[in-house]
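What follows is a short report on a single structure.
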Amino acid sequence: MELFGTMLFKNLLTLIPILLAYLVVFVIALIQWNKFPRPSLLVIIATGLSLVLTIAFPLIQTALIAQQQSGRIQAGELATLMSGLAFVSSLLRIVPLAILISAVYAGRQPPETES
């Protein structure tokens, strides 16, 4: 368990820059809430989902590596699981990205065209 905690700490330590970026985006969305409530809500949702995914997947990866190092799973099985995890991670990261993109256009009026 100590090995797992050390590995997890090192993995999460490398995420500090992106976690700080999420914090900044979250604060900006809160500041802009009164002017732009719908886009701000979408940004907060997208940032929250991104934060969860950013922490969850390294946690799962670390747990899998610890399982392999303790002899509970074989190296080949670990490779398969890690590939599957990377694929699922990529698919799930589409959701907050789509929400963030929709936040850009939420509540905007199309420009008036001259006739």
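Each reported figure results from applying straightforward, stated rules to the coordinates on display, with no laboratory input. Worth saying up front: this structure is predicted, and the values here are computed from it rather than measured. A quick note on method: Cβ atoms are made from the backbone with ideal geometry, for glycine too, and the neighbour counts reach across all protein chains shown.
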Output the 0 to 90 degree angle, nearest 10, between the alpha-carbon long axis of helix 2-13 and the longest principal axis computed from the alpha carbons of the chain. 30 degrees
Compute the helix-to-body angle for 37-69: its Cα long axis versus the longest principal axis of the chain, expressed 0 to 90° and rounded to tens. 10 degrees
Label-point separation in nm, Leu41 to Ala98, each point 7 Å along Cα→Cβ: 1.9 nm
If eta is 1.567 mPa s and T is 4 °C, what Stokes-Einstein diffusion coefficient results for region 2-105, Kirkwood Rh from Cα pairs, in µm²/s? 85 µm²/s
Quickly work out the Thr14-to-Arg72 label distance, labels modelled 7 Å from Cα along the C-beta direction, and quote it in nm with one decimal. 2.2 nm
Rounded to the nearest 500, what is the chain's calculated 222 nm mean residue ellipticity when only DSSP H runs of at least 4 contribute -39500 (n - 2.57) each, over all residues? -28000 deg cm²/dmol
In sequence order, calculated HN-Hα J values of region 73-88 (Karplus, 6.51, -1.76, 1.60; Hz; x Gly/Pro): 10, 7, 4, x, 5, 4, 4, 5, 5, 5, 5, x, 4, 4, 5, 4
